[in-house]
Every structure is written in C-alpha cells, then in structure tokens.
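Have a look at the structure below, then the notes.
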Amino acid sequence: MASATLPRHGQSAQFDHVVGIDTHRDFHVAVALAPNGGRLGELTFTATSKGYEELVAWTEQYGVRPVFAMEGTGSYGAGLCRVLLDAAYDVIEVNRPDRSARRRQGKDDPVDAEAAARAFLAGTASIVPKRGGDQVEMIRLLKVAKDSVIDGRTRALNQVRSLLVTAPMALRERLSPSARKDDASPSRPCQPPGGLMELIDASLQRGRQG
C-alpha cells in the first residue's frame, strides 16, 4: 500500500508554522519556521514522554496548526512520530541528508532540523509516515526474533560442518547427512546431532595435544 502524502501548501491557512526535527537516540532537536521561511525558535528536548510534552507546549507559542517535518520516523524518531500522529498532528517524513556530506561539513543538529522544515516548505517532502501501532510493532518484534533464531541455527550448522572436516572418520560418517536422513522419523523430536558432543570433545583433545 502506497504511503499517504500531505497536500501541497498553497495557502498559509493550512498551517501556521512548521517544525523541523533532527532525531537522536536520547534527545531530539527542533527548529520552528514561519510559513514564509522565517526562523522562529529552537528547542532541544529529551526522547521521553516528558520531552514530547515539552515539544508540543513549546510549539503552541507559534500557533495551533503546526506541521512536523521529521527525520528518522522509522528509527530514533519512531516514538515521537507515533505520539504526534495519535494526537492528530500533521507529520511529514524527511530523508536524512547525505552522510558523506554531513561528515565533510560537520554535524550540526539545529541546521539539520531547519533543513527538514525547509524541505517541507520547498515541497520536496510530503510523505506521511506509516502509523506503527501496537499490533504492527508486535509483528515486527516477532519477525526480528524469528530471523535471529534462523541466523543462529545457520551459524551453528556452519560451525558443525567446519568441525567435521577434521573429525575422526567414524564420527564423520555418523554425522553425515545420509546417516542422519536414515535415522529421521516424523514422530521423533528435533534434537542436536547424536555425535555432536563427541565431535567437540575430540576437537578439544586434539587442541590440548597440539
């Protein structure tokens, strides 16, 4: 499903200021701009519920119809993005500046926050980030856990195959794919290879002798 977009702002009546936000793990930096591009103010706040409340209260001095243009809505800014969307604020996703250019010019959080706001004013940022609700986050966490288990199993199997290269002949034959296939049974629970401990002991013994 395609992401939604916020209509282009032809009239200032749609919003009375835009807040660009540069996100980090522990804190965020916000810069407020007027519809004509004039700089209104700057705020650094913690990435906590209290910090989010501080941000909303700070924006109220500039009007009641803000647009939030944020970097990192799917990473460090995900929590803030959900809070703002749930409160029915307009939120726009802004791509992070090129990392190589950042390194050459030096990282400047207020400059990045202001650039995010100006990207909306220039019409180059209009994508509304997807709302990551509780069910979506639960599914994402389950997928991450599943992928981790699969990666761990793959690494373990690769380690066993590497150890088999120098294992005694009898043990290699016992752990070969054909031998394990003959021993397979639908009613038998999935268990580690029967000779795995012998293989590990043999490898450790060779190491001590060497």
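The values are calculated or read from the model by the stated rules, or taken from the named source; none is laboratory data. Just so you know, these numbers come straight off a predicted model, no measurement behind them. Here the Cβ positions follow ideal geometry from the backbone for every residue, glycine too, while neighbour counts run over all protein chains shown.
Per-structure values
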read-out: Breaking point among (1) assigned to a loop (DSSP other than H, G, I, E, B); (2) surrounded by 14 or more Cβ atoms within 10 Å (Cβ to Cβ); (3) modelled with pLDDT of 60 or more, for Leu43; value: (1)
read-out: The range 102-127, residues that are at pLDDT below 75 and either in a helix (DSSP H, G or I) or not assigned by TED's automatic domain parsing to the domain that holds Thr73 (or both); value: Arg102, Arg103, Arg104, Gln105
read-out: Top-ranked residue in the range 48-78 [being assigned to a helix (DSSP H, G or I) and farther than 23 Å from Ala34 by Cα; ranked as nearest to the chain's Cα centre (by Cα)]; value: Ala78
read-out: Checklist (1) exposed (fewer than 12 other Cβ atoms within 10 Å of the Cβ); (2) in the same structural domain as Gly79 (by TED's automatic domain parsing); (3) modelled with pLDDT of 75 or more applied to Asp147, failing item; value: (2)
read-out: The range 16-34 residues that are in the same structural domain as Tyr52 (by TED's automatic domain parsing), paired with ones that are in a loop (DSSP other than H, G, I, E, B) and among the basic types (Lys, Arg) (beta carbon under 8 Å, 6 or more apart); value: Asp16/Arg65; His17/Arg65
